[in-house]
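Notes follow once the structure below has been shown.
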Amino acid sequence: VDAERLYREHAPGLFRYLFRFCGDPELAADAVQETFLRLVERKPDEDQLRGWLFRVGTNLVMERGRTQRRRLRLLEENPGRVPYGDVPGDPAEELERKERQREVQEALARLSPRDRMALLMRAEGFTQREIAEAVDMNPKGMGSVLSRAQAKLAAVLRINVEVEP
Amino acid sequence: MIPSAGAPHLSDDDLLLHLEGSAGALLPSLAAAHLGSCEECGRRAEWIRRRAGALDARLAELDWMPPEALLPRSFAEVRRRQAARPRVRPAALSGLRRAAVIVAVLLSAALLVQPVRAWVLDWAGARWEEVEGMLGAKRSGGAVAPTPPAPAEPQQTEYRFTPEGSELRLEVASPQPRGTLTVWVTGEPGAVLEVIEPGGEREPVWVLPDGVEIRNSPSGTGSYRLSVPRTVRLVRLRIGDEPSAMLRTSDFRPGEQRIFPLRERR
């Protein structure tokens, strides 16, 4: 396994996915590193290493979910502070942006971990077959799972799509 | 599945597979041909595509944190973390194995005649004390294996940012019993804060437009190293409630580092 190459290629995408999945940047970053450590230590015998990385990373953030609450409390205590170098913009815009982010996070949290994982892996470009392998289910039912998860998220976020006849 | 006369439309599964470009239950060419001729399926496919696009746009709103802000840039950092891991001690496992053997012997002893049974029970009692010692040492963290575990290396995280002005503020929330704060004036263009935390510790760092704030715990033991570019003329340094110290970078010799113990009051 060329772990260094895999790290360069997949660490940013895995971080983005895990951050969306759990909402905690530190937890996501920690899980990315831990995932690659496990890759080096366990040398998984898998064809789909990218899927393996995402599956292991998801399990890690789910195991360590307590950190998420710590981060949220921290942000609530310091509403005027933006961590890690983001220059604060217009306060009204900033508030709206945070409100929209919170809305998406809450909508995602309403999905079951499996549905959230499927939906977010799909957003990272995984095929239904790859997602089915990662969540350990029959590929035949994956389309329905994705469809339901998308419908639920769209309903919570009040996304109405119109197509002209 | 090719749509039959009774169910002439593509399923959601087939539409999703078609949209992702995978060969699903239907051959891609058949699905494409059907979509070309069936207005309703064409509309549904477009609706699914637009809904997925709208969802992706909302999900992208969560991506405010660039990965490079938190992820080590090189894999060497991950390797360093690997070296810091405590090693598994095989002796504890052999202790459990021994315990299993003793239990098996005790169960068999019930079938033996009295003198032999007494001897077996004595033997098992002595062995059990050995096993208890091994497992007890493991529970209390004592070194049982012939080689002691490798000392835990601190985790390191780097935060990079570009100061906006010629002043840079560095604030540490509290003094602490151990750890240092090092200021290093370099020729590099950006400022870098290196956080060196012993295993398990994690202290929040807030990067502000004009500097950094470390929310360390008074009982923490982490150390911090700030590399400052020459373009910054003044570093304002404050630890807890102590008065600020002002450092002029022009007073630093090239490559000079100044170390401030976090426990000392200035």
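For the reader, a short list of remarks on this structure follows.
- Per residue Cα convex hull volume in Å³ - calculated over the range B:166-266: 91
- Residues in the range B:206-233 that, when all protein chains are in place, have 50 Å² or more less accessible area than the chain alone would give (probe 1.4 Å): B:Trp206, B:Val207
- Solvent-accessible ranking of B:Leu17, B:Leu168, largest area first, probe 1.4 Å: B:Leu17, B:Leu168
- The range B:192-256: relative contact order as a whole-number percent, Cα under 8 Å and 6+ apart: 28
- Residue-by-residue Karplus 3J(HN,Hα) for the range B:240-251, coefficients 6.51, -1.76, 1.60, Hz, glycine and proline x: x, 8, 5, x, 5, 10, 10, 10, 8, 5, 5, 7
- Amide H contacts of B:Ile239: B:Val172, each under 5 Å away and 5 or more positions distant or on a separate chain (H built 1.01 Å from N in the peptide plane; Pro and chain starts excluded).
- The figure for B:Glu188 is an accessible area of roughly 120 square angstrom, using a 1.4 Å probe on the protein chains alone.
- Contact surface A-B: accessible area buried, both sides summed, square angstrom, 1.4 angstrom probe: 5500
- Taken one residue at a time, the phi angles of the range B:162-172 give Karplus couplings (6.51, -1.76, 1.60, θ = phi - 60°) of 10, x, 7, x, 8, 10, 10, 9, 10, 10, 10 Hz. Gly and Pro are set to x.
The values are calculated or read from the model by the stated rules, or taken from the named source; none is laboratory data. Here the structure is a predicted model, which means the values were calculated and not measured. Quick note on the areas: whole protein, heavy atoms, side chains included, nothing else; ligands and nucleic acids left out. Shrake-Rupley method; radii C 1.70, N 1.55, O 1.52, S 1.80 Å.
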